[in-house]
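Following: one structure in structure tokens, then a few remarks.
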Amino acid sequence: MGALKSFTTAYHEPQNPTTSRLRVITDQVVRLVPGSTCINWDLPGAGSVNSRSLAPLNDKTFNDKRLGIPGGEGVKNSAEVYVQPNTPLTVVYSGADGRHQCLYSTYFEPEAGADYEAASEYCTIAIYKVVKNGATGEVSRGLVKSAPAKVCPSVSPI
């Protein structure tokens, strides 16, 4: 049941105000598990953040939401959400290309006041820190250190 909940339940943004933000770009489904280095859909806040799947029950609450993360102009299939800084965040991609199905996950720890971008393609996710130069307005992206996230012990992987 927890696996189905992960698709039909929206991610819960932190209740306390935070300045850390994440843009999720995908053509499939990306879900977040806050406060964890592994996948557990029963944890508070876990759920879908960007769903481009045609499945009717998938939660699409955050699709196309904008918070003003730099460099998002013209970006399609994205959603921007607040994330809790200084605590692990697991990002889970699931998708299919017609013949194969894939589940890929990674985790990282957002810094306070920073903007991030999770760009996913089939079976991969890259996490970037997004920085806007105040003087020139130029936006740069730097790859963020992340690590593979496994399913927490005795939890369904889907």
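The values are calculated or read from the model by the stated rules, or taken from the named source; none is laboratory data. As the structure is a prediction and not an experimental result, all values here were calculated from the model. Virtual Cβ from ideal backbone geometry, glycine too; neighbours counted across all protein chains shown.
For the stretch 117-134, which positions are modelled with pLDDT of 95 or more and either in contact with a Lys or Arg (Cβ under 6 Å, 6 or more places away or on another chain) or farther than 18 Å from residue 73 by Cα (or both)? Correct list: 117, 127, 128, 130.
Scanning the stretch 100-153 for residues that are in contact with an Asp or Glu (Cβ under 8 Å, 6 or more places away or on another chain), loosely packed, with under 15 Cβ neighbours inside 10 Å and more than 14 Å from residue 25 (Cα to Cα) yields one hit, 132. Give the residues of the stretch 123-150 that are among the hydroxyl-bearing types (Ser, Thr, Tyr), within 18 Å of the chain's Cα centre (by Cα) and more than 11 Å from residue 104 (Cβ to Cβ), sorted by residue number. Passing the criteria: 128, 146.
Among the conditions (1) part of a strand (DSSP E or B); (2) modelled with pLDDT under 95; (3) among the aliphatic types (A, V, I, L, M), the only one that residue 158 does not satisfy is (1). For the stretch 74-89, state whether one or more residues are under 11 Å from the mean Cα position of the chain (by Cα), touching a residue at least 40 places away in the same chain (Cβ under 8 Å) and farther than 11 Å from residue 22 by Cα. No, the conditions are met nowhere in the stretch 74-89. I'd like to check something: does the stretch 106-115 contain any residue that is of a type outside the set (Gly, Ala, Ser), closer than 21 Å to residue 48 by Cα and outside any strand (DSSP E or B)? Checking the stretch 106-115: at least one residue is of a type outside the set (Gly, Ala, Ser), closer than 21 Å to residue 48 by Cα and outside any strand (DSSP E or B). Output the residues belonging to the stretch 66-103 that are of a type outside the set (Val, Ile, Thr) and within 10 Å of residue 49 (Cα to Cα). Correct list: 78, 79, 80. If you go through the stretch 91-106 and keep only what is touching a residue at least 12 places away in the same chain (Cβ under 8 Å) and either closer than 17 Å to residue 21 by Cβ or charged (D, E, K, R) (or both), you end up with 91, 97. Summed over the stretch 80-110, the residues that are over 19 Å from residue 146 (Cβ atoms) and of a type in the set (A, V, I, L, M, F, W, C) give a count of 1. Restricting the first member to the stretch 9-37 and to residues that are under 12 Å from residue 85 (Cβ atoms), and the second to residues that are in a loop (DSSP other than H, G, I, E, B) and of a type in the set (Ser, Thr, Tyr), the beta-carbon pairs closer than 6 Å and six or more apart or on different chains are 35/87. Sort out which residues of the stretch 58-102 are at pLDDT below 85, of a type in the set (A, V, I, L, M, F, W, C) and part of a strand (DSSP E or B), and write them in order of number. Within the stretch 58-102, 96, 102 meet the criteria.
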